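The next block holds one structure in the form of structure tokens; read it before the comments.
The values are calculated or read from the model by the stated rules, or taken from the named source; none is laboratory data. Here the structure is a predicted model, which is why all the values come from computation and not from measurement. Here the Cβ is made from the backbone with ideal geometry for all residues, glycine too, and neighbour counts use every protein chain on show.
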Amino acid sequence: MSAPVILGLMTFCFLFFGYLGVPVPFSLLAGVFIGALLAIALGDRSLGWGVAIGGALMLAGVVVHLTESHGHEHEHDAEEHENAHRHDDGHHDHPHNPMPQGAHSHTHHHAPTRHVHPHVPDAHHTHRH
């Protein structure tokens, strides 16, 4: 299988997962893994030490991203948006009557706030370090 075909498969996977809302680091890693697996499944038999070392490094990257969590004081700007949320996550404390149980989605407002808690990059934690 040619390098352009492999690159095309990886790019397709990256864009597809990005369209589904998967965060960029995971989309990139998924594109690389799936593209490599498809290349092997479609007949590329150039497996060797370089591929094994590269695969191990990619796996290490996945482990780092999956275990990433850090806590520090950070600010949230005022924001109005719609997203699926729960009211026990420390960010969604707006009132309801009656208060819904579990996850729900609607447009809501966040006042600016500064606080400390462990977090991973998500819709509410895109701040710079």
Handout entry: Residue satisfying condition, being of a type outside the set (Lys, Arg) and at pLDDT below 75, within set Val51, Val63
Key = Val51
Practice task
Determine whether Leu57 is at pLDDT 70 or above and touching a Leu at 6+ places or on another chain (Cβ under 6 Å).
Solution key: no
